[in-house]
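The structure under discussion appears below in the form of structure tokens.
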Amino acid sequence: MADFPELYIQNSLTRTKELFQPLNAPYVGLYVCGPTVYSNVHLGNVRTFLTFDIVYRYLTFLGYQVRYVRNITDVGHLTGDSDDGEDKIGKKARLENLEPMEIVQRYTNDFHDVMRVFNMQSPSIEPSATGHIVEQIEMIKAILDRGFAYEANGSVYFNVRKYSEAYPYGELSGRKIDDLLNNTRTLDGQDEKHDPLDFALWKKADASHLMRWPSPWSEGFPGWHLECSVMSTKYLGNQFDIHGGGMDLKFPHHECEIAQNTGATGESNSVRYWMHGNMLTVNGKKMAKSEGNGFTPEELISGNHPLLERGYSPMTVRFFMLQGHYASTLDFSNEALQAAEKGLERLMKAMKLLSELPISNSGDNDTTIEKLKERCQKAMGDDFNTPILISVLFDAVKLINKVADGSESLSEVEYNSLTNLLHGYVYDVLGLTPEEQENSGEGETEGLLDFLVELRGKAKANQDWATADGIRDMLKAMGIQIKDSKEGSTWERD
Ligand code: AMP
Ligand code: ZN
């Protein structure tokens, strides 16, 4: 087996930084909780998906063959975030008088557009909850067979108390089962659950519920936590390497996943490394739709949001987010974005300069470059520390500038290793797109411009003139004209 550079991962389950040892190198299984597709993603969601984009990119960069599974939640996530309330997608479908699958398609498309604009790599498999109802029913049967669930009026609930007598419950979120059992509300006589801590594996659908499937217990729908247990183990095995998601999913979602996995198989430690990304905040408060402080990438680009002084490019935001470590909270501010814009510009200018550097017959920088390489690897090997990596890259920028002004020289070998190093970390690991592409109309830039024109079209259709005009004016400032015709809108360079 090939040797892989050391990588330490902060495991949320053990609360320690552990040496990453995949079950079956060079293969790595990575599961990340995807979006619930009932509304547009906001910038907070983008941060979490970026965190795992970096994990995926770096593991691949190290030479691992990663199977990256990121699901689409298209059923079972209720408005109460537990077992109460309406299905989030069903509710939106009811309000808009559309099929639930129309809602799912619309917001899945939006999610994919946003991922593309931020240069996120696609997962290897993107399974949806509604595509795995049969497997979810099978897992419920397995949990029932092992005695950790019970049926009540056509619904099936996980029996947390019984489970906690056999296996630990609450380890991931650091909650003590006794506190949980003592601190929950008392059940009223109407409740089907034996205990308030129990959670739904299957719920019987009432007459008004739109999304429903037949099952041995009732016509109904699966509980939210179940889909991730099912889809992760189906594609990655009963035990797999890494499971990720936002910090807010630790409890109850991930705690319940662990209980379901163990409850179904009797095998503990289904996930070897749990990773949690921290929240994007605004003035210290978690960015969330319900707080009214969440803006969409579309608003970010156009600058049309009260929190934004002006528009910012997706790459600026990517760079801004990577300047913070994923495990720390990151506070959004215009000042921070403007500083990130300058920093990114400096880095990208140096990347351009790198391609034009003179090569000397002899150079004196092989140790310097070797040291830079070691520091880059050490930064990323220390729990994906992108802010430290970026600071090392700026040391490399200094070297580039010195070679350009003649105070340092590079041999061909040194030049090649510096180029490999920077291309590898800037483009492949951090996923920053080169500035020159943005001006040459190639690849991602064209896609980005098409996307912006599409967004403007959507804004116009919604009579959101401020956003539509904001996009047009921003593109105009960049030398891009939008041409409207009967067939639709296109863009052209001045
Ligand atoms: P949802 O679509 O609500 O299930 O969320 C999708 C992902 O975004 C989850 O992993 C959440 O933890 C994450 N998320 C939601 N809000 C934020 C935020 N403000 N900052 C970072 N991640 C977030
Ligand atoms: Zn999940």
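The values are calculated or read from the model by the stated rules, or taken from the named source; none is laboratory data. What you are looking at is a predicted structure, and each value in this text was computed from that prediction instead of being measured. FYI the Cβ positions are ideal-geometry reconstructions off the backbone, even for glycines, and counts take in every protein chain you see. We work out accessible area using only protein heavy atoms, side chains counted, and drop any ligands, DNA or RNA first. Shrake-Rupley method; radii C 1.70, N 1.55, O 1.52, S 1.80 Å.
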Checklist line | Close pairs from segment 60-76: first touching a residue at least 12 places away in the same chain (Cβ under 8 Å) and open to solvent by 40 Å² or more (accessible area, probe 1.4 Å), partner outside any strand (DSSP E or B) and within 16 Å of ligand 2 (Cβ to nearest atom), Cβ under 9 Å, at least 6 apart | finding: Arg67/Pro123; Arg67/Tyr235; Arg67/Leu236
Note to self: I'm trying to understand the selection: among the residues of segment 148-170, which are surrounded by fewer than 23 Cβ atoms within 10 Å (Cβ to Cβ), in contact with a helix residue (DSSP H, G or I) (Cβ under 7 Å, 6 or more places away or on another chain) and over 22 Å from Lys250 (Cβ atoms)?
What the structure shows: none
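Is it true that Leu300 is in contact with a Leu (Cβ under 7 Å, 6 or more places away or on another chain), modelled with pLDDT of 95 or more and buried (at least 22 other Cβ atoms within 10 Å of the Cβ)?
Values: in contact with a Leu (Cβ under 7 Å, 6 or more places away or on another chain): yes; modelled with pLDDT of 95 or more: no; buried (at least 22 other Cβ atoms within 10 Å of the Cβ): yes.
For Leu300, the condition - in contact with a Leu (Cβ under 7 Å, 6 or more places away or on another chain), modelled with pLDDT of 95 or more and buried (at least 22 other Cβ atoms within 10 Å of the Cβ) - is not met.
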Check: Going by the conditions given, is Leu59 on the phi < 0 side of the Ramachandran plot, at pLDDT 95 or above and either more than 14 Å from ligand 1 (Cβ to nearest atom) or touching a Ser or Thr at 6+ places or on another chain (Cβ under 8 Å) (or both)?
Finding: yes
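Being assigned to a helix (DSSP H, G or I) and among the small types (Gly, Ala, Ser) is true for just one of Ala350, Ala327. Which residue is that? Working first, answer last.
Numbers: Ala327 fails: assigned to a helix (DSSP H, G or I).
Being assigned to a helix (DSSP H, G or I) and among the small types (Gly, Ala, Ser) holds for just one of Ala350, Ala327, which is Ala350.
From the list Val41, Val55, which residue is surrounded by 20 or more Cβ atoms within 10 Å (Cβ to Cβ) and either without any contact (Cβ under 8 Å) to a residue 40 or more places away in the chain or touching a helix residue (DSSP H, G or I) at 6+ places or on another chain (Cβ under 7 Å) (or both)?
Numbers: Val55 fails: either without any contact (Cβ under 8 Å) to a residue 40 or more places away in the chain or touching a helix residue (DSSP H, G or I) at 6+ places or on another chain (Cβ under 7 Å) (or both).
On inspection, the qualifying residue turns out to be Val41.
Just checking, does segment 280-295 include any residue being more than 14 Å from ligand 1 (Cβ to nearest atom) and either more than 15 Å from Leu13 (Cα to Cα) or open to solvent by less than 20 Å² (accessible area, probe 1.4 Å) (or both)?
Initial filter on segment 280-295 (more than 14 Å from ligand 1 (Cβ to nearest atom)): none.
Within segment 280-295 (the criterion being more than 14 Å from ligand 1 (Cβ to nearest atom) and either more than 15 Å from Leu13 (Cα to Cα) or open to solvent by less than 20 Å² (accessible area, probe 1.4 Å) (or both)), the answer is no, since none of the residues qualifies.
Residues are listed down the side, and each one gets a yes or a no for (1) open to solvent by 10 Å² or more (accessible area, probe 1.4 Å); (2) more than 16 Å from ligand 1 (Cβ to nearest atom); (3) at pLDDT below 95; (4) in the same structural domain as Tyr64 (by TED's automatic domain parsing):
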| site | (1), (2), (3), (4) |
| --- | --- |
| Glu192 | yes, yes, yes, yes |
| Asp195 | yes, yes, yes, yes |
| Trp202 | no, yes, no, yes |
| Met247 | yes, no, no, yes |
Notebook entry, point to check: What's the number of the condition His243 fails, among (1) in a helix (DSSP H, G or I); (2) in contact with a Cys (Cβ under 9 Å, 6 or more places away or on another chain)?
Noted result: (1)
Notebook entry, point to check: Can you name every residue in segment 215-245 that is within 14 Å of ligand 1 (Cβ to nearest atom) and of a type in the set (Phe, Trp, Tyr)?
Noted result: Trp224
